[in-house]
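**Q** Have a look at this one.
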């Protein structure tokens, strides 16, 4: 391999901040592309998913006839949301982007392969991993506290059932590329009402909406038949309290599957179309039928990469979960010490 083929060009300042992680997961040396200054030679260009700001990076890859690597936050990102918290996990994709249902991706290929992988040790590890995330209540963001049904003021009677409807931020790329739109959220909420006429319906806002950094689709929703969860709540708290979960493309649907809940998808997230979800927007391309353990292994073991914030070296899924859990406990201890 020539020297330039071992280098990966980075155009954005945001990805440049993650250059140590990029070096670790690609085994390529990051170089900064800053015209009209000296323009380095390289064998790949990195960009952030399908954001409009990535168009320049994709154009450069096409012009130089080199590969393009799409980067995104991993599915266990950090304790706190926001740009101030660097991700402990990243995903990279040379074929497409995992949330783009209009085309295949590395993740799709990994899920298809995982569906026929019956290695007992791998499956045991997946079972342990599923249980670990559920027991520790680890999600993409991990700052929000867990609550009981009483603390949330929910009804005690469960005979009517309880349903969770999940909001997302407006303009989220996974909505558009998940074959959905802003109007889909209204249709989803209406379906949840009609299909569960006696159930208690909870509507969860996104953490970035709760923090006031972004807008959602159900912000300000007022309806006596609905319970709007508009404060920070660990998503696992809600998952454990409901029978059915309605999503467009939210990751919370995947976590619902881990908890053996019925998950209804109104968009096409990466975990839909594999026979595990109730899909209101079918995707014929996805023919494999993995178990939830096989899907989990593809997503959290094969596709996701974990980088230690201290050493900047790659760590395992289990080590990443332990680090997030430790940081979360430390931040809560600090918060208690201030009072």
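The values are calculated or read from the model by the stated rules, or taken from the named source; none is laboratory data. This one's a predicted model, so the numbers in the text were calculated from it and none came from an experiment. All Cβ positions, even for glycine, are placed from backbone atoms using ideal geometry, and neighbour counts span all protein chains on display.
**Q** Would you please name the residue that is nearest to the chain's Cα centre (by Cα), looking only at residues in region 118-138 that are within 22 Å of residue 88 (Cα to Cα) and not in a helix (DSSP H, G or I)?
**A** 138
**Q** Does residue 105 fit the bill of being surrounded by 17 or more Cβ atoms within 10 Å (Cβ to Cβ), closer than 30 Å to residue 145 by Cα and within 20 Å of the chain's Cα centre (by Cα)?
**A** Criteria not met by residue 105.
**Q** Continuing with the same structure: Among the listed residues 180, 192, identify the single one that is more than 20 Å from the chain's Cα centre (by Cα), in the same structural domain as residue 210 (by TED's automatic domain parsing), surrounded by 20 or more Cβ atoms within 10 Å (Cβ to Cβ) and over 13 Å from residue 237 (Cα atoms).
**A** Result of the check over 180, 192: 192.
**Q** Between 212, 256, 273, which is under 22 Å from the mean Cα position of the chain (by Cα), crowded, with 19+ Cβ neighbours inside 10 Å, at positive phi and not assigned by TED's automatic domain parsing to the domain that holds residue 108?
**A** Among 212, 256, 273, only 273 is under 22 Å from the mean Cα position of the chain (by Cα), crowded, with 19+ Cβ neighbours inside 10 Å, at positive phi and not assigned by TED's automatic domain parsing to the domain that holds residue 108.
**Q** Inside region 1-101, counting only strands (runs of 3 or more DSSP E) that do not spill past its ends, which hold 3 or more residues that are buried (at least 20 other Cβ atoms within 10 Å of the Cβ) and either in contact with a helix residue (DSSP H, G or I) (Cβ under 9 Å, 6 or more places away or on another chain) or not assigned by TED's automatic domain parsing to the domain that holds residue 316 (or both)?
**A** Correct list: 7-10, 44-48, 67-73, 89-93.
**Q** When the residues of region 309-339 are filtered to those that are at pLDDT 95 or above and not in a helix (DSSP H, G or I), which remaining residue is farthest from residue 27 (Cα to Cα)?
**A** Among them, the one singled out is 316.
Residue-wise test of (1) more than 23 Å from residue 89 (Cα to Cα); (2) in contact (Cβ under 8 Å) with a residue 24 or more places away in the chain.
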{"position": "175", "(1), (2)": "no, yes"}
{"position": "203", "(1), (2)": "yes, yes"}
{"position": "215", "(1), (2)": "yes, yes"}
{"position": "223", "(1), (2)": "yes, no"}
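**Q** Follow-up question, since we're still on this one. Mind listing just one residue for me: the one in region 139-167 that is in contact with a helix residue (DSSP H, G or I) (Cβ under 6 Å, 6 or more places away or on another chain) and either in a loop (DSSP other than H, G, I, E, B) or free of Cβ contacts under 8 Å to residues at least 40 places away in the same chain (or both) and, of those, nearest to residue 105 (Cα to Cα)?
**A** Once the filter is applied, the top-ranked residue is 139.
**Q** Just to be sure before I move on: is residue 284 within 22 Å of residue 127 (Cα to Cα) and either modelled with pLDDT under 95 or part of a loop (DSSP other than H, G, I, E, B) (or both) in the structure I sent?
**A** no
**Q** Related question: Give region 234-258 a look and list any residue that's over 22 Å from residue 154 (Cα atoms) and free of Cβ contacts under 8 Å to residues at least 60 places away in the same chain, or say none.
**A** 257
**Q** Report, by residue number, each residue of region 259-270 that is in contact (Cβ under 8 Å) with a residue 24 or more places away in the chain, in contact with a helix residue (DSSP H, G or I) (Cβ under 9 Å, 6 or more places away or on another chain) and surrounded by 18 or more Cβ atoms within 10 Å (Cβ to Cβ).
**A** Listed by number, the residues that qualify are 264, 266, 267, 269, 270.
**Q** A further question on this structure: Can you pull out the residues in region 119-154 that are in the same structural domain as residue 254 (by TED's automatic domain parsing) and loosely packed, with under 11 Cβ neighbours inside 10 Å?
**A** Matches in region 119-154: 148, 150, 153.
**Q** Does at least one position in region 209-227 carry a residue that is closer than 15 Å to residue 264 by Cα and part of a helix (DSSP H, G or I)? Reasoning before the result, please.
**A** Residues of region 209-227 that are closer than 15 Å to residue 264 by Cα, as a first pass: none.
No - not one qualifying residue is present in region 209-227.
**Q** Answer yes or no: is there a residue in region 200-207 that is within 23 Å of residue 77 (Cα to Cα) and exposed (fewer than 13 other Cβ atoms within 10 Å of the Cβ).
**A** No, the conditions are met nowhere in region 200-207.
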